[in-house]
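Notes follow the structure.
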Amino acid sequence: MKRIIWTRPAEDWAQDQKIVKLDLPVLRFPVTRQVCIPPQLPQRPCDMVILTSRKAAEGFLNQTASIRELLQKAEFLTFGMETYKFLVSQNLKVRLIPVHNGKDFANALVLEIKKGPVLWFPRPAEPAFAIGDHLRTHNLEVHDIEMYRTEGIKQFEPEALKKLTSEPSVVCFASPSTVKAFVDIIRTHDDARFYKYTPAVIGGTTLTAAQGYFSDVFQAAHPTLQSLWDKALEIARQETTPGKE
């Protein structure tokens, strides 16, 4: 089977290792890193807090210990089971919305939330879907709180780059920023030979980003990491690298 390249940040490996099977031909090659942003909290106290990942949840609670009493009164809303379990373990009031991605989450929140409450939305600087903007178009009061940004890694060990470019591979992309970072690497270190790489992507925005550089791009059935891995594995098993089975 063809090799799979897993490009997610090293900071996410604790979560990713539950999905990625290292007994298969897999290369872990993070192409981005996450940089924490000191949160600027709104002056308006929150009635609800929207969270879309455990990472954002942990970062937000770590950075807001001084107002924990206020947060105990708020209702937290999420759609990820792992995030939900973490918030419950923190003795917070949590509502789980039964959807699978940010867009569906935003649409469900429009139906679930009546006009009036103040919502805080701790999020990455570049979210995959603009949940806050979507909710504001429906006249909900949402305050975005940037928690971290993603930036491309510029320096790599020569041996790591040699290994990366050594053979055709299926490459996993979980965000448009990861596509951009990987493209920059291939342009610089593999003579822009994009044809060597077959992308598996997590969702629509990442699909659009990848299609600007790669001829064949495959989207996961669902916008989850497990589905991304499953799609990459499916492609890898269908394609064979010369000299490998």
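The values are calculated or read from the model by the stated rules, or taken from the named source; none is laboratory data. The structure displayed is predicted, hence computed values, not measured ones. All Cβ positions, even for glycine, are placed from backbone atoms using ideal geometry, and neighbour counts span all protein chains on display. Calculation scope for accessible area: heavy atoms of the full protein, side chains included, ligands and nucleic acids excluded. Shrake-Rupley method; radii C 1.70, N 1.55, O 1.52, S 1.80 Å.
In units of the rule-of-thumb radius 2.2 N^0.38 Å, the stretch 30-109 shows an alpha carbon radius of gyration of 1.13. Across the stretch 63-110, Cα pairs under 8 Å and at least six residues apart give a relative contact order of 34 percent.
Look at the alpha carbon pairs under 8 Å that are at least 6 residues apart: their mean separation over the length of the stretch 1-84 gives a relative contact order of 29 percent.
Among the listed pairs K154/K196; K85/K180; K55/K115, a Cα-Cα separation exceeding 26 Å is found for K85/K180; K55/K115.
Computed over neighbours whose Cβ is under 15 Å from that of V110, the net charge equals +1, Lys and Arg +1, Asp and Glu -1.
Seen from T83, the other residues with C-beta closer than 11 Å to its C-beta sum to a net charge of +1, counting Lys and Arg as +1 and Asp and Glu as -1. Taking all C-alpha pairs of the chain, those more than 34 Å from each other amount to 23 percent.
The loop-placed trypsin sites (Lys or Arg not before Pro) in the stretch 108-208, going by DSSP, that have at most 14 neighbouring Cβ atoms within 10 Å of their Cβ come out as K114, K115, K154, R193.
Scanning residues 5 or more positions from L27 or on other chains, those with amide H under 5 Å from its amide H are I4, I5, W6, with H placed 1.01 Å from N in the peptide plane. Per residue, the chain exposes 51 Å² of accessible surface when a 1.4 Å probe is rolled over the protein heavy atoms with every protein chain present. Counting only aspartates and glutamates at least 8 places from K114 when in the same chain, those with an alpha carbon closer than 14 Å to its own are D47, E75, E141. The phi-based Karplus calculation (6.51 cos²θ - 1.76 cosθ + 1.60; θ = phi - 60°) puts the 3J(HN,Hα) values of the stretch 129-140 at 9, 7, 4, x, 4, 4, 5, 5, 5, 9, 6, 9 Hz, whole numbers, x for Gly and Pro.
A helix-only calculation puts the chain at -10000 deg cm²/dmol for mean residue ellipticity at 222 nm, using -39500 (n - 2.57) for each DSSP H run of at least four residues, averaged over all residues.
For the Cα trace of the stretch 150-245, dividing Rg by the Kirkwood Rh returns an Rg/Rh value of 0.95. Counting only protein chain heavy atoms and rolling a 1.4 Å probe, the accessible areas of R28, R123 rank, largest first, as R28, R123.
Sequence-distant contacts, meaning Cα pairs under 8 Å at least 6 residues apart, place the relative contact order of the chain at 23 percent. Here the Karplus curve 6.51 cos²θ - 1.76 cosθ + 1.60, taken at θ = phi - 60°, turns the phi angles of the stretch 37-48 into couplings of 10, x, x, 9, 6, x, 6, 6, x, 8, 9, 9 Hz, with x standing for Gly and Pro.
Eigen-decomposition of the gyration tensor built on the alpha-carbon atoms of the stretch 4-66 gives equivalent ellipsoid semi-axes of 33, 12, 9 angstrom, largest listed first. Cα centroid separation, the stretch 164-186 to the stretch 198-234: 12 Å. Taking only the Cα atoms of the stretch 1-143, the radius of gyration and Dmax are 16.8, 55 Å.
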